[in-house]
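Accompanying notes for the structure given below.
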Amino acid sequence: MQYDLIIRHGLCLFPWGAEETDIGVRNGRIATLDARMTDTAEREIDARHLHVLPGMIDAHVHFRDPGDASIESMASGTRGAALGGITTIFDMPNTTPSITSAEAIADKAARVGASCLVDIGLYVGATRANTPDLAALERLPGVCAVKLFAGSSTGDLMIEDDDGIEAVMRSGHRRIAFHSEDEYRLQARRKLFKTGQPYATHMLWRDEECAFLGTRRIVALARRTNRPAHILHVSTAEELDYLADHREIASCEVLVNHLTQVAPDCYEALGGLAVMNPPIRDRRHYDASWAAIRDGRVDVVSSDHAPHALGAKTRPWPDCPAGLTGVQTLLPVMLDHVAQGRLSLGRLVDLMAAGPARIYGLQTKGRLAVGFDADFTLVDLRERRTIRNEWIASPVGWTPFDGLDVTGWPVATIVRGHVVMQDDEITSPPIGRLARFAP
């Protein structure tokens, strides 16, 4: 048989476990999981001593496009994704202007092919004005979900009251992704703190109850409307325990930072480079997040990549903007957690491939199967590296993980059969497309 690409001798991660086999690719799809030695291809990759994972997905990024390309763009953001072993990203709507209309979605979609190295899904932002239109907007090509900011946003991209949130949840049927901090508590507690206080003040202001109250409210509204909710960046032990009793209506995401960094040490070491929403919290919540990873309560692990200029991040609290780079470092850091025995490689694949595909209705991605997109992330679990700012593709040029030694590294990123990164080099022009989602 003739194929476009054959990946030989790799240890492939399937739902039933790891198995060495040869994968044949034709027309951007997986054509066989058992290519013969006599089969030929235009290109062959020897994956001996490597693990072949389904293409890794980062379901939560802010590429700032449209916006300020000196901070980030789809081109630079997907370059970072490819270098970090990510084959598909889902981009948030809080851009300039916001992605809240059919026209804005179409404009962004039209630029994907010329800009993106990996495939992309687009969130549409919920506003009070577009609430009646959301049922139609969520069905547009490339839209992965509706995003609702119940706290911590500006302009019309925030709906903090129960009536407004309920109206959104009654428009359409697909799962809604929530930033669930409680805006009323945020505003009331802001008066307790002064400008110039230590960066660790951030986690005192946006405390556990702020997150837990927001999540309880959203789950109650999800039950009232029978509309599934996806709680983004869950950061507290209380939320994780609570959500365990509501799995049929609410799924959840945990960020790599909440699995890796611990307060107050992170604020003392990094200052404003540790400031994100929800905040990095103390050891109790770190331990609870890992317990939830191990027992299956967490559906997705993402980066919440949200770059800001370094000069802005070094301003005193709270004038330093919240948000960190992360799409490029997500997989290397998670692979190091595998090396440290905190989770299995199979569980990582569940959280960063099968999980996002299941939660968002992503079609033909998320696992190695005949007929699925030929998206692969090849990793060397023995490779030892040190993450450095100089490696970061984002124009801002920094990472909160600068200097972190990791074991495990992505050595190739393959999107629909196109090798876009190999051995730390970008090897392809932009070939990204809009991802396909169930209607």
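The values are calculated or read from the model by the stated rules, or taken from the named source; none is laboratory data. Please read these numbers as outputs of a predicted model, since none were measured by experiment. Reconstructed Cβ throughout: ideal geometry from the backbone, glycine too, with neighbour counts over all protein chains shown. Areas reflect the complete protein model, heavy atoms only, side chains present, ligands, DNA and RNA absent. Shrake-Rupley method; radii C 1.70, N 1.55, O 1.52, S 1.80 Å.
So how much accessible area does TYR184 have, in Å² to the nearest 10, using a 1.4 Å probe?
Only protein atoms counted, so the area is about 120 Å².
Add +1 for every Lys or Arg and -1 for every Asp or Glu among the other residues with Cβ under 14 Å from the Cβ of GLY311, and state the total.
Around GLY311, the surrounding residues sum to 0.
Please report the net charge: other residues with Cβ closer than 15 Å to the Cβ of PRO429, K and R +1, D and E -1.
+2
When the convex hull of the Cα atoms of the chain is projected onto a plane and the area is averaged over all directions, what value comes out in nm²? Please list the in-between numbers first.
Numbers: hull surface 75.1 nm².
About 18.8 nm², averaged over all directions.
Post the alpha-carbon centroid distance, the stretch 382-439 to the stretch 27-102, in whole angstrom.
With the stretch 382-439 and the stretch 27-102 each reduced to a Cα centre, they are spaced 9 Å.
Relative to a virtual label point 7 Å from the Cα of GLN187 in the Cα→beta-carbon direction, which members of the stretch 147-174 show backbone nitrogen distances below 20 Å?
148-168
Considering the dipole of the stretch 307-392 built from charges on the beta carbon (Lys and Arg +1, Asp and Glu -1) around the Cα centre, which of LEU351, ALA339, GLY366 is farthest to its positive end?
ALA339
If you count only protein heavy atoms and use a 1.4 Å probe, how large is the accessible surface of VAL262, to the nearest 10 Å²?
20 Å²
Can you compute the helix-only [θ] at 222 nm over the chain? Use -39500 (n - 2.57) per DSSP H run of at least 4 residues, normalise by all residues, nearest 500 deg cm²/dmol. If you can, show how the numbers build up before the last one.
Numbers: 15 runs with 117 residues, N = 439.
Helix-only estimate at 222 nm: -7000 deg cm²/dmol.
In what order, largest first, do SER251, SER344 sit by accessible area if the probe radius is 1.4 Å?
Most to least solvent-accessible, the answer reads SER344, SER251.
Just to make sure I understand: if all protein chains stay in place, what is the order of TRP391, TRP16 by accessible area at 1.4 Å, largest first? If you can, show how the numbers build up before the last one.
Working: TRP391 55, TRP16 170 Å².
Sorted descending by solvent-accessible area, the residues read TRP16, TRP391.
Using a 1.4 angstrom probe on the protein heavy atoms only, could you order ILE431, ILE231 from most to least accessible area? If you can, show how the numbers build up before the last one.
Numbers: ILE431 35, ILE231 0 Å².
The ordering from most to least exposed comes out as ILE431, ILE231.
Can you list the residues, at least 5 places off or on another chain, whose amide H is less than 5 Å from the amide H of ALA41, using H built in the peptide plane?
TYR3
Taking amide hydrogens as modeled 1.01 Å from N in the peptide plane, which residues meet the under 5 Å criterion relative to PHE63, leaving out close sequence neighbours?
Under 5 Å from the amide H of PHE63: MET92.
What number comes out for the charge environment of HIS179, summing +1 per Lys or Arg and -1 per Asp or Glu over other residues with Cβ under 12 Å away?
Computed value for this residue: -4.
FRET efficiency for ASP424 and ASP241, Cβ-Cβ distance as r, R0 = 56 Å, nearest 0.05?
0.85
Rounding to the nearest 20 debye, state how big the charge dipole of the stretch 1-153 is about its Cα centre with +1 on each Lys and Arg Cβ and -1 on each Asp and Glu Cβ.
The calculated dipole for the stretch 1-153 is roughly 240 debye.
With respect to the cross-link table entries LYS191/LYS313; LYS147/LYS313; LYS194/LYS313; LYS108/LYS194, which display a Cα-Cα separation exceeding 29 Å?
LYS108/LYS194
For MET276, enumerate residues with amide H under 5 Å from its amide H, sequence gap 5+ or separate chain, H modeled in the peptide plane.
When sequence neighbours closer than 5 places are left aside, the close amide H contacts are GLY323.
Rounded to the nearest 10 Å², what accessible area does CYS320 have for a 1.4 Å probe in the complete protein model?
Using a 1.4 Å probe on the heavy atoms, I get roughly 10 Å².
Given R₀ = 35 Å, what would the calculated FRET efficiency be for ARG284 paired with ARG223, taking r from the Cβ atoms and rounding to 0.05?
0.80
To one decimal place, what Kirkwood hydrodynamic radius in Å is obtained for the stretch 1-129 from all pairs of distinct Cα atoms?
Working: mean 1/r = 0.0595 Å⁻¹.
Value: 16.8 Å, from the Cα pair sum.
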